[in-house]
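Remarks on the structure that follows.
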Amino acid sequence: MIVNLDDSFTKELEADPIMENSRRLVRDAHFSYVMPRKTSDPKLIHVSPEMLEALGISGKEIGTTDFLNLVTGNQNLPGFNPYAMVYAGHQFGNWASQLGDGRAINIAEVLHDQKRWILQLKGAGETPYSRSADGLAVLRSSIREYLCSEAMYHLGVPTTRALSLALTGDQVLRDVMYDGNAAYEKGAIVCRVAPSFLRFGNYQWFASQNKIKELKQLTDYTIKYFFDELPQLQDNIYLNFFQKVCDLTREMITHWQRVGFVHGVMNTDNMSILGLTIDYGPYGWLDDFNPNWTPNTTDRTHKRYRYGNQPNIALWNLYQLANALVPLINETEGFESILNTYPDQFKTSYQNMMRKKLGLINEGDTDDKLIGELVENLQMIETDMTIFFRELAKLSKNDVISTTELVKFSFYNEQELNKIQTDKWLDWFQRYKERLQNEVITDEDRAFNMNLVNPKYVLRNYMAQMAIDEADSGNFDLIDELFQLLKNPYKEQLDNEKWYAKRPDWARDKIGCSMLSCSS
């Protein structure tokens with residue numbers, strides 16, 4: 001089934017000499033060999049045809065026992081050497097020391113069409129890094145991860161991918177809201193796929209333990225396989241590497257802000273070294289444009305990982321990565337210089353992104369003010385971000401049209417607009433239309449461009465919860481319906497107009513729709 005195995009990670013980095021699968025401190029190794037837990041009655045729910053092709057797996061394999069065993073870890077196939085990585089991290093700003101792959105097991109490294117892929121099972125059982133947890137995952141969180149990783153890819157957001165979603169046949173005890181009401185849920189496994197699952201925390205762990213040899217080994221490995229385009233100047237290679245990670249991270253966060261995505265848990269152990277969105281836990285999309293919103297109930301008080309703070313947290317996390325890499329060159333000046341340029345670089349990226357959302361091609365002297373006032377206006381009353389920008393594309397720069405007529409579908413309650421707020425919108429629209437006069441582009445072409453960056457369909461939490469509720473009752477049709485819908489988020493898809501809608505009232509305070517935890 002898979003013949004192009006490579007195993008560069010396990011061959012070139014240090015293995016934990018202890019083979020026993022027990023919770024422990026692992027100081028001198030990059031990973032521990034570990035076998036996935038056998039499931040009692042595995043059942044395949046869904047498979048991504050795109051990822052099958054990317055891995056060189058024939059669609060005919062889907063119905064085979066070997067494929068089911070592959071994506072559930074029920075049998076160690078020939079040539080496979082499953083392992084879990086060690087890493088550390090800052091969680092909600094606090095140092096957490098050793099963490100590691102506590103519920104994820106890397107089962108294979110594949111080369112196909114000159115691309116490298118790691119297959120990782122999330123929810124396949126305990127590892128030496130599971131701490132007090134069981135290493136399992138439930139259907140609820142697995143559906144969210146499976147759908148979201150593929151949806152993000154089609155939105156054009158850098159992300160890990162997903163090959164498959166499967167039930168294990170086992171029951172898993174979880175306390176969804178951490179309120180003492182634990183209950184058994186259906187166990188599930190997602191087979192995640194990425195060029196690498198290395199995180200900032202991998203490098204932090206070795207730096208924190210003063211294991212400079214292991215830190216250098218890991219960094220050199222990362223550069224060799226994923227940043228080989230960097231200038232190979234020995235004096236600057238690690239700074240060049242860090243600069244590239246900063247660039248990739250900035251690009252990822254800019255995309256998050258573009259589509260209104262909130263990660264929810266931007267701990268350093270959840271930050272990909274490749275600038276990929278990783279670890280889909282309590283994520284969400286902005287239903288209304290509220291920069292202070294976070295979907296994570298654990299972060300409800302301080303809102304550290306709220307939508308509007310994601311750019312700042314990315315920079316904070318990069319500072320922690322820089323601190324980890326400093327021992328490689330024994331000086332801080334170069335890292336500080338890179339970090340000091342990041343805010344201005346992000347501001348430029350953000351402004352360019354917002355120009356595209358507004359259909360502006362040329363830079364204007366007043367664009368910063370225009371964008372800033374738009375962001376303020378979007379917060380005056382509940383306004384659906386996704387719908388607002390999609391409807392905005394319909395504006396003709398020569399139209400005389402009222403604000404509410406153009407974008408009223410995006411307001412949750414248009415009647416809440418008072419005269420002062422309405423005047424602010426009218427003033428903004430007037431200046432926006434004046435700004436459009438400076439663009440040498442037709443309304444039709446501008447609308448086309450805007451609809452390439454402003455999605456019509458995103459995976460709103462209530463949609464994912466509907467699929468979860470259906471799946472809990474044994475019906476998986478909605479998973480496939482949403483999977484197909486989200487493969488074309490920028491197309492009109494007139495047959496799917498029911499999903500082009502604001503959050504329904506029933507979902508406003510429903511667990512899984514507005515409130516989520518890290519529980520999986």
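Numbers below:
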quantity: Average Cα contact separation per residue, the range 1-141, under 8 Å, 6 or more apart, as relative contact order %; calculated: 26
quantity: Between helix 212-226 and the chain: long-axis angle, C-alpha atoms, 0 to 90°, nearest 10; calculated: 60
quantity: Helix-only CD estimate at 222 nm, as mean residue ellipticity for the chain, using -39500 (n - 2.57) per DSSP H run (n ≥ 4); calculated: -12000 deg cm²/dmol
quantity: Angle between the chain longest axis and helix 367-377 axis [Cα atoms, degrees, rounded to 10]; calculated: 90
quantity: Accessible area in square angstrom per residue, the range 353-507, 1.4 angstrom probe; calculated: 47
quantity: Heavy-atom surface of the range 121-218, accessible at 1.4 Å and reported per residue (Å²); calculated: 29
quantity: Hits among lysines - C-alpha to C-alpha of Lys510 under 30 Å, sequence gap 8 or more where chains match; calculated: Lys43, Lys122, Lys186, Lys303, Lys408, Lys456, Lys487, Lys491, Lys498, Lys502
quantity: Cα pair count fraction exceeding 26 Å, expressed as % - the range 174-314; calculated: 38
quantity: Reachable lysines, given that their alpha-carbon falls under 18 Å from the alpha-carbon of Lys216 and they are not under 8 places away in the same chain; calculated: Lys11, Lys224, Lys244
quantity: Förster-model FRET efficiency, 45 Å R0, Glu61 and Glu20, C-beta, rounded to 0.05; calculated: 0.85
quantity: The range 162-204 - percent of accessible surface contributed by carbon and sulfur, probe 1.4 Å; calculated: 54
quantity: Stretchable slack from Glu53 to Asp113, in nm (0.36 nm times residue separation minus alpha-carbon distance); calculated: 20.6 nm
quantity: Lys433-Asn340 pseudo-label distance in nm [points 7 Å out on the Cα-to-Cβ vector]; calculated: 4.7
quantity: With Cα atoms, 0 to 90° folded angle of helix 461-472 axis to the chain main axis; calculated: 50
quantity: All Cα pairs of the range 261-404, percent lying beyond 19 Å; calculated: 64
quantity: Nitroxide proxy distance, nm - points 7 Å out along Cα→Cβ at Asp28 and Glu497; calculated: 6.8
quantity: nm² value of the averaged projected area, convex hull over the Cα atoms of the range 368-511; calculated: 10.1
quantity: Peptide ranges 240-253, 118-131, 372-385, 488-501 listed from the most packed, as the mean C-beta count within 10 angstrom indicates; calculated: 118-131, 240-253, 372-385, 488-501
quantity: Efficiency of FRET between Ser396 and Asn323 - r from beta-carbon atoms, R0 60 angstrom, step 0.05; calculated: 0.70
quantity: FRET E, pair Ala183, Ala96, Förster distance 22 Å, beta-carbon r, rounded to 0.05; calculated: 0.20
quantity: Estimated translational D of the range 85-133 in µm²/s (Stokes, Kirkwood radius over Cα pairs; 37 °C; 0.692 mPa s); calculated: 266
quantity: Fraction of accessible area attributable to carbon and sulfur, the range 3-64 (%, probe 1.4 Å); calculated: 52
quantity: Two-site label geometry, Asp423 and Ser473: point separation in nm, points 7 Å out along Cα→Cβ; calculated: 5.2
quantity: Cα principal axis extents for the chain, largest first, Å; calculated: 72, 58, 46
quantity: Percent carbon-and-sulfur accessible area, the range 405-490, ignoring ligands, DNA and RNA, probe 1.4 Å; calculated: 49
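The values are calculated or read from the model by the stated rules, or taken from the named source; none is laboratory data. This is a predicted model, so every value here is computed, not measured. We place every Cβ from the backbone using ideal geometry, glycine too, and count neighbours over all the protein chains shown. Ligands, DNA and RNA are excluded from the accessible area calculation, which covers all protein heavy atoms including side chains. Shrake-Rupley method; radii C 1.70, N 1.55, O 1.52, S 1.80 Å.
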